[in-house]
Amino acid sequence: MFPPLFAMTALSRRQLIGLLLLTLMWGLNWPVMKLALRELSPLYFRALTMGLGALALAWYFGARGLPMLPRGERQWRDVVVLGLPNILGWHALSIIGVAHLPAGRAATLGFTMPVWTVLLGVLFYGERLTGRLVLAVAAVLAGIALLLGNELAQLAGSPLGIAWMQGAALSWALGTIWMRRAHLTMPAETLVVWMMVLSALVIAALALWLEPPQNWHFSAVMWVVLVWTVLINYGAAQVVWFALARALPPATSAMSVMAVPLIGTLSAPLVIGEWPHWQDMAAMVCVVVAIGAVLLRRD
């Protein structure tokens, strides 16, 4: 998902607009999720919106002529194996982390993923350790230490939320490595839809087991949040990403990734009234430095 990066190339106006919209959608989704958790518990929210989002994507991609049903044991195995870390692990753990942390803080911690991807490659897949990776890990650890210290210093702090978010980031990192090494025999769109479907079913089962019964009478704001999450986060953002992924200059992808925590942190005061502490801003700088160190290649 985040390959080594080369020199920037010019974007068309349509690509630039698409990239800006995608980054805004991903960034704004963090405080929007926090807003949703005021009326719906984390796993129920994730199962409901992911399941409906998968149906919307299946309809859209199917209407464009893509085959929507995996064929044979190998394709179904890819759905299950790749879906465990990429969708189930990341989405389940991250929504619990969001429930315990401010939205911008959760976004910053979640997007430590590119650094853990490279580090896991070094530890388990024989990739080369570089000085830039050492710098990236040090920067990430500094950012985590800043946030952990702030959580421990607050009477109502939740250091456990940091653990949930780092578990989510590590899960996504492992899934990214497996996705790079997979030899897929089906369209990526089909894979993503079915990973979402199966993950939504598992999360729904966990919600029934672990969370109390929900009140399904929502406010008008909550209905807007549900529509946003299904149609924008799981719908439009995925469609835009697939449209851009094949033609987007890799360095531009990295810039988008680095902007997501910034947008999540800066939009939180407007969406949910959460103001960042100085530790949040400092940790965000650390994470952006770390992402740049592992993703941006010198010319």
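The values are calculated or read from the model by the stated rules, or taken from the named source; none is laboratory data. Predicted model, so just to flag it, every value in this text is computed and none were measured. Using ideal geometry, Cβ is built from the backbone for each residue, glycine included, and neighbour counts are taken over all protein chains shown.
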List, please: which pairs have Cβ atoms under 7 Å, are six or more places apart or on different chains, and start with a residue in segment 207-224 that is under 21 Å from HIS91 (Cβ atoms) and end with one that is in a helix (DSSP H, G or I)? ALA207/LEU43; ALA207/TYR44; ALA207/ALA47; LEU210/LEU43; GLU211/LEU43; GLU211/TYR44; GLN214/TYR44; MET222/ALA36
Has segment 96-111 got any residue that is in contact (Cβ under 8 Å) with a residue 24 or more places away in the chain, of a type outside the set (D, E, K, R) and closer than 17 Å to LEU231 by Cα? no
Where the second residue is among the basic types (Lys, Arg) and the first is within 11 Å of ALA283 (Cα to Cα) and lies in segment 139-164, which pairs have Cβ atoms under 7 Å and are six or more apart or on separate chains? LEU147/ARG105
Single residue of ALA243, ALA290 found to be part of a helix (DSSP H, G or I) and modelled with pLDDT under 85: ALA243
Among the residues that make up segment 127-137, is at least one of them of a type outside the set (Asp, Glu) and surrounded by 23 or more Cβ atoms within 10 Å (Cβ to Cβ)? yes
By residue number, the members of segment 215-240 that are outside any helix (DSSP H, G or I) and surrounded by fewer than 15 Cβ atoms within 10 Å (Cβ to Cβ) are ASN215, TRP216, HIS217, SER219
Going through segment 167-188 one residue at a time, which ones are buried (at least 16 other Cβ atoms within 10 Å of the Cβ), assigned to a helix (DSSP H, G or I) and either within 11 Å of the chain's Cα centre (by Cα) or touching a residue at least 60 places away in the same chain (Cβ under 8 Å) (or both)? GLY167, ALA168, ALA169, SER171, TRP172, ALA173, LEU174, GLY175, THR176, ILE177, MET179
Could you tell me how many of the residues in segment 1-32 are modelled with pLDDT under 60 and over 27 Å from ASN86 (Cβ atoms)? 4
